[in-house]
Structures are given as structure tokens and as C-alpha cells.
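The values are calculated or read from the model by the stated rules, or taken from the named source; none is laboratory data. Everything numeric here is computed off the predicted structure, so don't read it as measured data. Using ideal geometry, Cβ is built from the backbone for each residue, glycine included, and neighbour counts are taken over all protein chains shown. The area values use the complete protein model at the heavy-atom level, side chains included, leaving out ligands, DNA and RNA. Shrake-Rupley method; radii C 1.70, N 1.55, O 1.52, S 1.80 Å.
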Amino acid sequence: MSERSTSKIICTRESITAKDVILTGDRPTGPLHLGHYVGSLKARADLQHVCKQYILIADMQALTDNADNPGKVRENVLEVMMDYLSVGISPELSTIYLQSAIPETAELTMYFLNLVNVGRLSRNPTVKNEIKQRGFGDEVPAGFWTYPVNQAADVCQFKATVVPVGEDQVPILELSNDIAATFNRLYKTSVLRPCKALTPTTGLLPGTDGNSKMSKSLGNAIYLSDPPNVVAKKVKSMFTDPQHLRVEDPGHIEGNMVFTYLDVFDPDQAEVARLKEHSQRGGLADGTVKARLIDVLETFLAPIRDRRAQYGKDPAEVKRLLKIGTERAHAVVQETMREVRDALGIVKL
């Protein structure tokens, strides 16, 4: 799609109303991190008070590059669920569900695979970048190659109108809209709806190494469940300014991950501005700035970590909440699929 058409798919927080339906989620390949919080978790916690919201734990998609280690995916389902609950996502306000427990999703994915060509999938910049990150080379699992089609099924089965994502995921929503439009045109129906992307105003949160976005697979993440000593260790090892060799040397703000994180998480932005000015004129030690970030992150993470610990004491209750949400989601999907099958003219036995 062109830059002009891409801009049309992006919406703002202010444009979302009670009539909207939100669909979003995460792959259970490990606990969630600060990048997830900035990218979507905060928006989900806020928007559940505004409109209807569905949040999937995408265990099927997680298997597209973890087929040889299903235990990793299984073990992290409740970990992700606890992360959701600990950041304030309510199972009463948001419908949280397990993807593999909705069999109709796989059915709809198959229908959608017939509506998109291999060339379109191969040009998807999001998937191309992820394939490079994972070092697949020519050995890309077919499931991973086509997971954007599965995501389109996730979105369309709830008739979602808004999907909170990072900017790198916008091409996948473009594909979802194209598939929905093709389905409606071919089968002379209006059952499927287009959606818009809600992107974070802060953009992607870089990893602690400064080289890419924060990612579980790259090992550059600070997790919501990290204990204080681990957070401190990760902050102390963060990429700062390789040219700042002596305390008295002027520092560079751009590219310094410590200041990048302070910009996002420090509630006292006036103090952050003062620290930046001090750094640029020289005389400010990297350790001083890192110590402030450690305090800021501990203030932010402590209540999340405490709530998570409480849920961790009763995994059966966490599983029960997930089951309730999944049953609620399943009822919605079954209705949509009745409309889809009618449009396709699927034989009824």
C-alpha cells in the first residue's frame, strides 16, 4: 500500500467511541516486558473502559516458530494471563481468551488463505524483518510465513474496528482489511468489517542494547515480572553514550537508552530535562542517570509485580478466568462463522 493509504488505516485514541470493538493480543512465548506495556498493554487497560475489547493469548501463532517446543508455549499461557491481570486489564471489562480453544479461527484462516497470494505474503515487511531476526534463511515454516492471515482471522471473527499495535504491525492490518474486502466482494456480503490501527504515541520502545525494539528473542528486554536486582542489573548494562569516556565530557542524548526510558517512564519530565542539559554540558556521570532510572522503574514495576505475585499463588483461579473469557469469545465467533459459512455457501449436513 502507498504511504497515503497507510495513513488512512491509523486512528487516534480520541476517535475511539463506545461503538468500537477492539481486538489485540500476544504470543505466549515468555513473560511480557516494558515494550509490550508501552506498545499496547497501557492502551488496553485504558480502552477497556471505553468500548468492547477482546484480547487473545495467541498460542497457535506462537507454535509457528516454536513447533519443536510446545511446552514453552503451554507454560507461558498463564504467565501472559497474569501479566494482563497485573497491569490492570480486567477480565470483567475485557474478554481475554485462548486462541487454540476457538477452533473456528483455524477454519476462517483456511478460507482466508485462498484470498491472498504468495507474492503478497512474501512482500510483507513485518514478516520479512521477523524472518531475518530469527535467522530462518530459506527454512521458514509455512505456518510462520502465513501467520498474518491467521491474524486477519482473529480480527475479522470479532468484527473488530480497532487494533492497538506497534507501527511495525500496521502492514498486517492492511492485509487483514484487503482480505476482508475481497471476501465481501467475492461473496456479495458485508459480514466482515475493516479495522484501524491504534499506534502508540511514543513509538517502539528500544531494547536495552539500543539496537532494535525490545524483544524476548533478542534478549534485550526488561520484563514486568523482573525482580528489583534484575532490573538494576539490566539498567546498569544499558547502552548509553560510547563517546562519553570521562564524566567531564559533554554527553549525547540521542541514542542514549537511559534517557530514552526516562522520557517514557519518569513522571518528572522537568527533572529529566535538567539532567539532559547537565549531561550535554558535561559533568554528569552515566551512573547517576542510571540510578535515577532504576528508581523510576522500581516505582513503576513494584505494584505490577505485587499484583502478579498474588495471582501466582492461585493458578487455578487464573485458569478459571481465562476459561470464562474464552467461552464468552467463542459464542461471538460462532455467530460470525454462521454468517461466513452462509456467504460462502458451505454445505450443511
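Restricting the first member to the stretch 230-252 and to residues that are under 19 Å from Pro206 (Cβ atoms), and the second to residues that are of a type in the set (S, T, N, Q) and surrounded by fewer than 18 Cβ atoms within 10 Å (Cβ to Cβ), the beta-carbon pairs closer than 9 Å and six or more apart or on different chains are Phe239/Asn211; Gly251/Gln243; Gly251/Gln280; His252/Gln243; His252/Gln280.
Being under 30 Å from Thr189 (Cα atoms) and of a type in the set (A, V, I, L, M, F, W, C) holds for only one residue in Val318, Val333, Val272, Val296, and it is Val333. Residues that are exposed (fewer than 12 other Cβ atoms within 10 Å of the Cβ) and over 22 Å from Lys234 (Cα atoms) within the stretch 247-261 comprise just one, Glu248. Only residues that are farther than 28 Å from Gly135 by Cα and acidic (Asp, Glu) were counted across the stretch 170-224, and they come to 1. With the requirement that a residue be within 14 Å of Ile9 (Cα to Cα), open to solvent by 30 Å² or more (accessible area, probe 1.4 Å) and of a type in the set (D, E, K, R), what does the stretch 159-202 give you? Residues satisfying the conditions are Glu167, Asp168, Asp178, Arg193, Lys196. Of all the listed residues (Leu113, Leu78), the sole one being within 20 Å of Ala45 (Cβ to Cβ) and open to solvent by 20 Å² or more (accessible area, probe 1.4 Å) is Leu78.
Among the residues of the stretch 120-130, is there at least one that is on the phi < 0 side of the Ramachandran plot, acidic (Asp, Glu) and open to solvent by 10 Å² or more (accessible area, probe 1.4 Å)? For the stretch 120-130, residues on the phi < 0 side of the Ramachandran plot, acidic (Asp, Glu) and open to solvent by 10 Å² or more (accessible area, probe 1.4 Å): present. When each of Asp59, Asp20, Asp46 is tested for being at pLDDT 95 or above, under 27 Å from Thr208 (Cα atoms) and among the acidic types (Asp, Glu), the lone residue that passes is Asp59.
Out of all the residues in the stretch 272-301, which are more than 16 Å from Glu248 (Cα to Cα) and touching a residue at least 12 places away in the same chain (Cβ under 8 Å)? Within the stretch 272-301, Val272, Lys290, Arg292, Leu293, Ile294, Val296, Leu297, Glu298, Phe300, Leu301 qualify.
Restricting the search to helices (runs of 4 or more DSSP H) fully inside the stretch 262-349 and requiring at least 3 residues that are buried (at least 18 other Cβ atoms within 10 Å of the Cβ) and either modelled with pLDDT of 95 or more or at positive phi (or both) gives 286-312, 315-344.
Taken together, the residues in the stretch 48-72 that are buried (at least 23 other Cβ atoms within 10 Å of the Cβ) and within 21 Å of Ala316 (Cβ to Cβ) amount to 2.
One residue stands out among those in the stretch 226-244 that are in a loop (DSSP other than H, G, I, E, B) and open to solvent by 40 Å² or more (accessible area, probe 1.4 Å): the one that is nearest to Gly282 (Cα to Cα), which is Gln243. Tell me, please, whether a residue that is of a type in the set (Ser, Thr, Tyr), farther than 24 Å from Pro148 by Cβ and open to solvent by less than 40 Å² (accessible area, probe 1.4 Å) can be found in the stretch 87-103. The answer is yes, given that some residue of the stretch 87-103 is of a type in the set (Ser, Thr, Tyr), farther than 24 Å from Pro148 by Cβ and open to solvent by less than 40 Å² (accessible area, probe 1.4 Å). Identification of strands (runs of 3 or more DSSP E) wholly contained in the stretch 21-131 with 1 or more residues that are under 25 Å from Asn220 (Cβ atoms) and in contact (Cβ under 8 Å) with a residue 60 or more places away in the chain yields 21-26, 52-57. Each residue in the stretch 140-174 was checked for being closer than 18 Å to Val340 by Cβ and assigned to a helix (DSSP H, G or I), and 9 pass.
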